[in-house]
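Structure first, then comments.
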Amino acid sequence: KPVILSGMQPSSDSLHLGNYIGALGNWVTMQDEFDAFYCVVDLHAITVPQDPKELRERTRSTAAQYIAAGIDTDKSTLFIQSHVQAHTQIAWVLNTITGFGEASRMTQFKDKSAKQGADAASVGLFTYPILMAADILAYQANVVPVGEDQRQHLELTRDLAMRFNSRFGETFTIPEGHILKETAKIYDLQTPTAKMSKSAETEAGLLKIMDDPAVTAKKVMRAVTDADGEIRFDRENKPGVANLLTIFSVLSGRSIDDLVNEYAGGGYGGLKKDLAEQVTASFTPIRERTNELLSDPAELDRILGKAADRASEVADATLAKVYDAIGLLPRH
Ligand code: TYM
């Protein structure tokens with residue numbers, strides 16, 4: 001079976017709708033056809049300041065949300081990034097073949113460091129995409145399912161893999177992105193021109209899996225739309241309504257045309273009310289199952305430990321190839 005790898009940061013108490021639609025939903029459908037590795041990228045999360053106690057809780061909770069959303073730990077290897085040493089070891093080697101200018105062009109770094117101020121941003125934030133490349137290449141992944149915002153990081157990963165292979169001999173599989181166009185980007189409900197993101201200024205535009213249904217409903221009802229009152233799909237001129245229709249379509253499995261036909265005559269209120277119900281219906285079973293899983297942390301940790309063993313076997317084999325290819329003296 002071809003290999004897939006993907007990961008998410010445990011940087012909030014809950015995954016949001018963008019994570020769910022842009023990534024996690026695809027992970028669930030892809031786990032049958034692929035040898036799937038899914039990780040919680042805690043080492044990426046620490047590239048911005050974290051509270052240690054919260055980080056530990058969020059890491060476990062993120063893993064629980066993967067399982068609750070449908071990742072089957074008998075089929076997929078679901079593990080914590082920091083449990084597998086080879087990620088950082090391979091990342092170091094990749095650091096040495098990455099150009100400073102090349103890394104400086106990463107737009108996510110530019111955005112995040114601009115927010116923090118250039119002096120406050122860490123070197124870890126700068127080399128973040130290189131650790132991501134190591135995550136992917138360690139498993140010789142063929143396919144990487146991510147949202148549109150990760151496209152540039154994936155291109156860097158491919159460049160580094162090809163560069164390494166041409167300098168030191170065939171070592172890495174060159175991965176392909178799997179980015180679904182129509183669901184690739186979910187926007188903030190309050191600022192429908194910005195992607196939905198946990199680093200948004202307010203939480204009002206962020207739909208979180210672990211939110212109470214009443215909170216979710218309120219956020220949907222207050223979503224920013226526009227003044228013309230017409231329900232049609234027009235990303236450019238009606239970004240708020242287009243986003244609501246996209247979310248509704250993906251979660252319900254109905255086409256956008258079908259939804260537009262049904263709601264065209266009415267106002268935004270009816271559309272929002274039904275969408276709120278749809279989102280709540282999608283999130284509730286995941287939230288409840290997550291809480292159940294978190295009530296037995298020892299069992300969850302046992303599952304994660306077993307998966308880390310399996311992941312380490314694969315990643316260690318790649319690390320050995322990498323070290324050998326670049327000429328490090330083996331330890332005897
Ligand atoms: P992260 O944690 O920011 O996001 C996790 C996944 O969710 C997708 N996503 C979205 N998709 C659609 N609309 C949105 N508004 C939205 N917001 C987030 C992201 O594209 C991503 O797929 N660097 C990665 C984590 C990572 C990784 C990896 C991914 C580390 N190593 C190896 C793949 C392979 C990140 O920060 O994702």
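Listed values, structure above:
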read-out: The stretch 23-45, residues that are among the β-branched types (Val, Ile, Thr) and near the ligand (Cβ under 7 Å from one of its atoms); value: 41
read-out: Residue 148 vs. criteria within 14 Å of the ligand (Cβ to nearest atom), surrounded by fewer than 18 Cβ atoms within 10 Å (Cβ to Cβ) and at pLDDT 95 or above; value: no
read-out: In the stretch 59-118, residue nearest to the ligand (Cβ to nearest atom) [restricted to those that are aromatic (Phe, Trp, Tyr) and open to solvent by 30 Å² or more (accessible area, probe 1.4 Å)]; value: 109
read-out: Within the stretch 207-239, tally of residues that are in a loop (DSSP other than H, G, I, E, B) and either under 20 Å from residue 285 (Cβ atoms) or open to solvent by 50 Å² or more (accessible area, probe 1.4 Å) (or both); value: 15
read-out: Residue match in the stretch 152-162 (condition: hydrophobic (A, V, I, L, M, F, W, C), within 10 Å of the ligand (Cβ to nearest atom), touching a residue at least 40 places away in the same chain (Cβ under 8 Å) and surrounded by fewer than 24 Cβ atoms within 10 Å (Cβ to Cβ)); value: no
read-out: Qualifying position, being open to solvent by 20 Å² or more (accessible area, probe 1.4 Å), in a helix (DSSP H, G or I) and among the hydrophobic types (A, V, I, L, M, F, W, C), among 131, 137; value: 131
read-out: Cβ-Cβ under 8 Å pairs, at least 6 apart or on other chains, the stretch 57-76 side of a type in the set (D, E, K, R), far side at pLDDT 95 or above and assigned to a loop (DSSP other than H, G, I, E, B); value: 58/10; 72/31; 75/31; 75/32
read-out: Top-ranked residue in the stretch 163-190 [being under 23 Å from the mean Cα position of the chain (by Cα) and hydrophobic (A, V, I, L, M, F, W, C); ranked as surrounded by the fewest Cβ atoms within 10 Å (Cβ to Cβ)]; value: 174
read-out: Residues that are closer than 21 Å to residue 311 by Cβ, within 7 Å of the ligand (Cβ to nearest atom) and open to solvent by less than 10 Å² (accessible area, probe 1.4 Å), drawn from the stretch 1-22; value: 5, 6
read-out: The stretch 163-189, subset more than 13 Å from the ligand (Cβ to nearest atom) and without any contact (Cβ under 8 Å) to a residue 60 or more places away in the chain, residue nearest to residue 26 (Cα to Cα); value: 174
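The values are calculated or read from the model by the stated rules, or taken from the named source; none is laboratory data. Model, not experiment: these values are computed from the prediction. Please note: Cβ atoms are built from the backbone with ideal geometry, for glycine as well, and neighbour counts cover all protein chains shown. SASA here: full protein model, heavy atoms, side chains in, ligands and nucleic acids out. Shrake-Rupley method; radii C 1.70, N 1.55, O 1.52, S 1.80 Å.
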